[in-house]
Amino acid sequence: MYYSRIIGSGGYLPERVMSNAELEALVDTSDEWIQARTGIRKRHIAREDETTSEMCYYAARRAIECAGVAPDSIELIVVATSTPDLIYPSSACLLQRRLGIRNGAPAFDVQAVCSGFIYALSITDQYIRAGAMQRALVVGADMNSRILDWRDRTTCVLFGDGAGAALLERSDSPGIYKTLLHADGSYSDHLQVPSGVSKPSADPFIRMRGNEVFKFAVQAMDEIVGETLADTGLQQQDIDWLVPHQANQRIIAATVKKLGMSMDQVILTVGEHGNTSAASIPLALDAGLRDGRIKQGDIILMEAVGGGFTWGSALVRY
Ligand code: COA
C-alpha cells in the first residue's frame, strides 16, 4: 500500500504590500472595520507585468530546493488557480516551461477557486497512492487583484495575491491519511466572477453574497471534520495543527472553537496575506514549516471552502 507525503514546501508573495489605510483612500472603509470583521491588516498585490505562472515558479522553485530533488524527477505538475495567465496553455504547462522540465510529465490546472489546493492535492494523492507516480508538484496560486472591483468595498478589502507549492513523494506510511472533496453547484450565484469565454459580460469582477458565504463556510468546515477523521483511526484531539483556507479570521475562529482547539494551534496568515484563494493553504503550510512550528510527525488538518461552492479537507502527518 502506498501513501504520499509532503517533502518540501515553498511560498511566494509579490513585493508590493497594500495596507488597510491605502484602501481607505479608495473606498468608504476603515482599518478598524476591516480588522474587526476579517482580521486582515494587509495583503500583497502583484505588479502589472507579473503573471500567475511566474508566482507559481518562485513558490515551486523554493519547494523543489526545500525537498532537495532534481526538477526532472517530478512526474506530475498540478496547478490550482482561477486566475491563469492565459485561457490556454494551462498555468501548469507554463510553469513546467519556466522550470525547464522536459521529461514529458503531465501538467494541468484545476479550478476550484479557494478549495483549489485541496482539490489539486487530492487528485495528486490518488495518482501516488495508485502507484502511478513517485513524485509530484502541487501549486496553488491566484492573482485576485486582477479580478477585483477596486470600487466595491464589500470585496476589494478581502483578497490578495500569492502562490504556494508542495512537493509530494510516494511513501510506505502516511503522509496523507485522507482527502475529501465536495461541491454543490446550486450555490454558484453566491460567489462568482460573472464573465468568461462562452459567456462574456461587462462585469469581470468577483461578486459575492458575503453573509451567505460566511454562514455556509462555518457550517461546511464544522461538518467536514468528523467526515475527515472517520476510518483514519485518529481523533479530534490528535490534530496538532489546523491549516485552514484563510478567508476571514472569524470563520477560522468558529472552526477552532467547534474543534475544541486553541488559536495557538492554527497557522494564521490572513492578517498578513488577506484571502489569496488557492494559494492560502500552501502559503500557510509553508509559513508553519519554515518557522519550525510544524514538526516531523505532527498531524495537520487542512480545510477550505470556495466558489462553486466547493469544499474539502486533507488530513496529513508531516
Ligand atoms: N468597510 C466598511 N463597511 C463595510 C465594508 C467595508 N469594507 N464592507 C461592507 N460594509 C458594510 C456593509 O455595507 C453593511 O452595512 P449596512 O449594515 O449599512 O448595510 C455592514 O458593513 C455589515 O455588512 P455585512 O456584510 O453584514 O458584514 P459581515 O460582518 O458579514 O462581514 C464579510 C462582511 C464580507 C467580511 C463577511 O461576510 C465574510 O467574510 N464573508 C465570507 C467571505 C469569504 O469568505 N469569501 C471567500 C470565500 S472563499
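Any read-out appearing in this document is the output of simple, stated calculations on the displayed coordinates, not a laboratory observation. It should be emphasised that the depicted structure is a prediction, and the values quoted were computed from it without experimental measurement. Please note: Cβ atoms are built from the backbone with ideal geometry, for glycine as well, and neighbour counts cover all protein chains shown.
Annotations
- In the elastic network of the chain, a GNM with C-alpha springs shorter than 10 Å, the most mobile of Arg170, Arg135, Arg98 is Arg98.
- Cross-link reach list, lysines versus Lys178, counting only Cα pairs under 22 Å and skipping chain neighbours closer than eight places: Lys258, Lys295
- DSSP H segments from the chain that extend 27 Å or more along their own axis, Cα-based, with Kyte-Doolittle mean of 0.0 or above: 210-229
- Secondary-structure-derived ellipticity at 222 nm for the chain, considering helices only, amounts to -9500 deg cm²/dmol, per-run term -39500 (n - 2.57) for DSSP H runs with n ≥ 4.
- Extreme residue, positive dipole direction of the chain, given options Thr38, Ser115, Ala25 (C-beta unit charges): Ser115
- Cα→Cβ-extended label distance, 7 Å offset, between Leu26 and Ser262, nm: 3.7 nm
- If R0 is 41 Å, the Cβ-Cβ spacing of Ser188 and Ala70 corresponds to a FRET efficiency of close to 0.45.
- Per-peptide average of other Cβ atoms within 10 Å, ordering 300-309, 275-284 highest first: 275-284, 300-309
- 3J(HN,Hα) along the range 4-10, derived from phi through the Karplus expression 6.51 cos²θ - 1.76 cosθ + 1.60 where θ = phi - 60°, amounts to 10, 9, 7, 10, x, 9, x Hz, with x in place of Gly and Pro.
- Mean sequence separation of contacting Cα pairs (under 8 Å, at least six apart), scaled by the length of the chain, corresponds to a relative contact order of 26 percent.
- Cα gyration tensor, the range 191-318 - rounded (a/c under 1.5), prolate or oblate: prolate
- With the highest mean first, a sort of the peptides 257-267, 66-76, 195-205, 10-20 on other beta-carbon atoms found within 10 angstrom per residue produces 10-20, 66-76, 257-267, 195-205.
- Gyration tensor (alpha-carbon) shape descriptor, the chain, a/c threshold 1.5: oblate
- Shown for Met221, Met55: other C-beta atoms within 10 Å of each C-beta, ranked fewest to most, produce the order Met221, Met55.
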